[in-house]
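Structure record follows, encoded as structure tokens.
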């Protein structure tokens, strides 16, 4: 994880791309990549989507899009000085309180 | 990273939410959270966006949204059987070939 | 349609919001609203999604989100000097050529 | 507007694409197209973004992406039985009450 952060940062710095990697631009790029990921799933039935990784071509595209999303998320967090795993674990602890197991069980009211 | 994957999975399984956590649904939820992240930046000037983390309230909201995005990305990758860090590193190696340092330096033609 | 463009423009100008309504900011706001729209559908089964408008509360939320998306799309097109209906009709004519009826019939290869 | 709705509907029906045009799928496709629109703006400075339409190539791409977004928004609204212009005007009237001119003037607290 830290390794990924460092590699993505080096990748950007070697190319003098820090000037483009502002928080607004990176947030837009992240959303653009999520859009490409959605496009892989949009016309699939739920059943087709569940087995997409067993299709070599579609599976490779999904993996590549997931990789792109992760790259920009890592870079955005780095630029903002946020520890990605820590932010996720902190938030997970908060939602665990908000959705206690006994009340949330099997309900999609929220998620 | 693996720890996060395991915790997010446990969180979902304790609540019987596997039934909702299909690839299509998780991709939509990921996009929804990215939308909330964009909303934190949309009216800021580039200068305000660059220092957003020094504002306690806005900074906390950005951190929480980044956490949400990471939670859903982790969960989606887990459901698809994709190693998130590996997918990002593989993709990074590919774009490094596509954008050689000497040609890409300082240019935003692509990113 | 023109009426909507004029009303949205007046709404922004009365509030001196032209300064915030740059193409980048409006594109981000548009994406943010689409994210809220996705959130209305993300945990619904295909069957629940198909009848969402017959649920008074969920239906009202979906209608409001669709309205928000249309407001920002109208405003973005206006700021860019693009005629929204014309842009859609032009694009529709192009995709009609790209997906001839006899070849595209019943196939989701693309859409 | 109604003309566009009818043309987009005819386009889908001629190709037997109603089966793919569920609310969930169309919301995903809409988000995917908005992602492509964001990608046109993500690396531009605010100044470059403001004059993007005077660049023939980039301008044509932006117009085409705006067209795609409008096509899917029109189709989604049609499938849900929502009048797009009416939904936008109703929502605009609501936000006008929420952001009175004298209080909202020049402030980006919300938008």
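Only a single criterion out of (1) closer than 30 Å to residue B:106 by Cα; (2) exposed (fewer than 14 other Cβ atoms within 10 Å of the Cβ) is not satisfied by residue A:67, namely (2).
In region A:27-43, the qualifying residues are those that are more than 7 Å from chain D (Cβ to nearest Cβ) and under 14 Å from residue A:61 (Cβ atoms), and the one that is surrounded by the fewest Cβ atoms within 10 Å (Cβ to Cβ) is A:40. Within the set A:51, A:22, the sole residue that is more than 9 Å from chain D (Cβ to nearest Cβ) and closer than 20 Å to residue B:69 by Cα turns out to be A:22. When region D:69-110 is filtered for residues that are out of contact with any helix residue (DSSP H, G or I) (no Cβ under 7 Å at 6 or more places or on another chain) and within 7 Å of chain C (Cβ to nearest Cβ), the ones remaining, listed by number, are D:99, D:104, D:105, D:106, D:108. Screening residue D:15 with (1) over 21 Å from residue C:99 (Cα atoms); (2) within 13 Å of chain A (Cβ to nearest Cβ) gives one miss only, at (1). For region A:1-54, how many residues are under 26 Å from residue D:33 (Cβ atoms) and in a helix (DSSP H, G or I)? Number of matching residues: 26.
Within region C:69-111, track down each residue that is under 23 Å from residue A:43 (Cα atoms) and outside any helix (DSSP H, G or I). Those that are under 23 Å from residue A:43 (Cα atoms) and outside any helix (DSSP H, G or I): C:99, C:100, C:105, C:106, C:107, C:108, C:109, C:110, C:111. Is region A:60-68 home to any residue that is outside any loop (DSSP other than H, G, I, E, B), touching a residue at least 40 places away in the same chain (Cβ under 8 Å), at the interface with another protein chain (Cβ under 7 Å from one of its Cβ atoms) and over 22 Å from residue C:41 (Cα atoms)? No, the conditions are met nowhere in region A:60-68.
Here, each number is a calculation from the coordinates, and none is a lab measurement. Here the structure is a predicted model, which means the values were calculated and not measured. Cβ coordinates were reconstructed from backbone atoms using ideal geometry, including for glycine residues, and neighbour counts include every protein chain displayed.
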